[in-house]
Structures are given as structure tokens and as C-alpha cells.
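Written below as C-alpha cells is the structure these notes are about.
The values are calculated or read from the model by the stated rules, or taken from the named source; none is laboratory data. Bear in mind that the values here come from a model prediction, so they are computed numbers and not experimental data. Cβ sites come from the backbone with ideal geometry, for glycine too, and all protein chains shown count toward neighbours.
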Amino acid sequence: MEVPVIAVVGSLNMDLVVRAPRQPLLGETLMGSSFGTAGGGKGSNQALACARLGADVYMVGCVGSDDFGRRLRSTLLEAKVDCQYMEVCAGVGTGVAVITVTDSGENSIVLTSGANALLDRATLERSKEVFRRSDTALFQLETPLDTVAWGLKMARNSGCKTVLTPAPAVELPQEIWRQVDFLVLNETELAFYSLGPSFASAGAPSGMDEDKLQESAQQLLQQGVKTVVVTRGARGGYVASRQKAFHFEPFRVHSVDSTGAGDSFCAALSVKLTEGALLEEAVEFAAAAGALACTRHGAHPSMPWRHEVKAFLEAAGKM
């Protein structure tokens, strides 16, 4: 089996993580139990995870000329991620995420874009060779939308499969959906894109019923997406394409921090699909990788290695 080659276009952040018994109320000062820093950003999370899962990976993105940027680059290089197209922007800080993780493992995140905001069409044009060399290209929405739309077109025109994690949820131009082969999103994001932006003010759903879930996925398929993959946490998930639709079961773990779990899932799905696995097999592998990520603190530190996912699946009787 040939080694899959994957390009990841997206954000690189340094995560500032505080652990607390619960999320603070508006205006409340709450004592936390610990603080730490770890590499993050959806782009770098997915790049690191893809590399640990056995792919050759190119990272396309921007960091600042600061210690955070140097640390992120060092972590990716250590994992054998090709960083030659990762640009350093002088006079700008690296993106930062301030994360509160509760004792139950749930998180809330506030982002500042920093250098991620400078990832533009010109950057992608300087990196266009990446798409010609890659089998699959991954995108997220922590960088400018115009850049994401342009990158999806470049990847498609170069023959890459395209994977989009549409988070954080924002209004997207119609043209983006038609460029996406695999849309990987959680239930809250699915509701946002199917029910409209007004959903944001109503809060996250307690959970869609099956009819609404299937209807919402079909709506995105009708807008041009080829395959929709919905993660539902402890309820597993749902996959819909023009050819098939099926549910998948979750793996039960003791969750300590869900930060990065979605990126782990997306990376694992992309690696297996690029290797030629059937969709059902790829989703099961991805669910295992996402579950493993929940058992560790921090985004970069929680991205699993391939041998760990394999051992986890074997222990669960899935291999």
C-alpha cells in the first residue's frame, strides 16, 4: 500500500488551557485547577494527526515570528510534517486559543486569529505545488473564507479529494459546498448550516431526532457536498452520500478533554479514505481515533499514533 500524501491548509494556534470544575457564568470569577500551553489550531491538529497516522503531510499556513510560532513548527517537524510552505509573518503574533476545560472533559474556546488571518490567495499560489503532489487536501474555517474557497478550487483542479471541517460555523458562500467531497461536522454545526445562521442565537441542540438528522444531511447533499459525515459524541454519528446512508457507533472511553477530538476524527477518516478503505471502515477507524483523543489533555498531545488506534480497535474486537 502506497503512503497517502495529504495537504492540510489551515490554522496554527497556541492553546492556553485552563482546567476548571465548570464553565464560568457571565461576569463570574472562577478558580481553576491548572494551566498549561499546547499546540493547537484545527489545521495543525489535523496535520499532526495525519502524520502520526502514517501519511506524508504538507502543512500550508501562517505563524508569527514569535516563540509560539517556533514551538508549533518544531512540533510538526518532529512528526515529519513538511513545513516548507508554512510561512512566518514578521511583526504579527501567532494565533492563540484560550480554552476552558471542565472536569467532565467539555470545553469552550475563544480564538484570536493572529497570523492565520494572513493566509491568503497569494500564499496558496506560492504553495500550489503541494496540491499537485497530494492525494487529499484538508480545510477548516479558522482562516479567511476567501482563502478556503480558493484553496478548495485549487485542490479540486489538481485532482485532490477535498475534506472540509466547517468550523467555527459561519455563513458560507454556495460555491464552497460544490467543492467539498467530504464534509465532516458535528451535530451543532449541522443544525447551523441546515437551519440557518439564526440557529446560533438559539444555542446548541440537545440532539436531533433521526428524521431531522437525515433531512439536514440531505439538504447539504443537495447544495453540492458529495458526502456528509456527522459526529454526535456519545451517540456515534451518521454518514450520508448520494449512494448510501448509515449510522456508526461510538467507542466508550473516559473523556478528560474533548479538545482536538474532532480534528483527530477528521484526520483519521482522511488517511483511511486516501488509502482506499471503504467508507464504513474509514469511519470506524476515525471514531476510534476521535475517542482516543478524548482520553488525553491538550490538542497536539492528544493526537493518537497509528499503532495506538490499531491496538484500541483490536481491544474492542474490531480487527
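Residue by residue, here is whether (1) at pLDDT below 95; (2) more than 22 Å from I109 (Cβ to Cβ); (3) buried (at least 18 other Cβ atoms within 10 Å of the Cβ) holds:
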{"position": "A261", "(1), (2), (3)": "yes, no, yes"}
{"position": "F265", "(1), (2), (3)": "no, no, yes"}
{"position": "T274", "(1), (2), (3)": "no, yes, yes"}
{"position": "E280", "(1), (2), (3)": "no, yes, no"}
{"position": "A288", "(1), (2), (3)": "no, yes, yes"}
{"position": "T295", "(1), (2), (3)": "yes, no, no"}
{"position": "G298", "(1), (2), (3)": "yes, no, yes"}
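For region 125-147, the criterion of a residue being farther than 26 Å from L77 by Cα and out of contact with any helix residue (DSSP H, G or I) (no Cβ under 9 Å at 6 or more places or on another chain) is satisfied by no position.
Conditions (1) touching a Ser or Thr at 6+ places or on another chain (Cβ under 8 Å); (2) at pLDDT below 95; (3) within 29 Å of V253 (Cβ to Cβ), marked per residue:
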{"position": "S108", "(1), (2), (3)": "yes, yes, yes"}
{"position": "G114", "(1), (2), (3)": "yes, no, no"}
{"position": "E125", "(1), (2), (3)": "no, no, no"}
{"position": "S134", "(1), (2), (3)": "yes, no, no"}
{"position": "M154", "(1), (2), (3)": "no, no, no"}
{"position": "C160", "(1), (2), (3)": "yes, no, no"}
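Among the residues of region 151-160, is any polar (S, T, N, Q), under 16 Å from C266 (Cβ atoms) and either surrounded by fewer than 20 Cβ atoms within 10 Å (Cβ to Cβ) or touching a residue at least 40 places away in the same chain (Cβ under 8 Å) (or both)? Scanning region 151-160, I find no residue that is polar (S, T, N, Q), under 16 Å from C266 (Cβ atoms) and either surrounded by fewer than 20 Cβ atoms within 10 Å (Cβ to Cβ) or touching a residue at least 40 places away in the same chain (Cβ under 8 Å) (or both), so the answer is no.
Filtered by the rule that a residue be farther than 27 Å from G54 by Cβ and within 18 Å of the chain's Cα centre (by Cα), region 79-94 gives no residues. Taking the stated definitions as given, is D257 among the acidic types (D, E) and within 28 Å of P173 (Cα to Cα)? No, not satisfied. Restricting to region 1-43, and then to whatever is touching a residue at least 12 places away in the same chain (Cβ under 8 Å), part of a loop (DSSP other than H, G, I, E, B) and among the hydroxyl-bearing types (S, T, Y), can you tell me which residue is nearest to V92 (Cα to Cα)? Looking at residues that are touching a residue at least 12 places away in the same chain (Cβ under 8 Å), part of a loop (DSSP other than H, G, I, E, B) and among the hydroxyl-bearing types (S, T, Y), I get S11. V180 falls short of the stated requirement of being at pLDDT 95 or above, crowded, with 19+ Cβ neighbours inside 10 Å, in a strand (DSSP E or B) and under 18 Å from the mean Cα position of the chain (by Cα). Taking region 93-127 as the range and being crowded, with 17+ Cβ neighbours inside 10 Å and among the small types (G, A, S) as the test, the residues that pass are G93, G95, A97, G105, S113, G114, A115, A117, S127.
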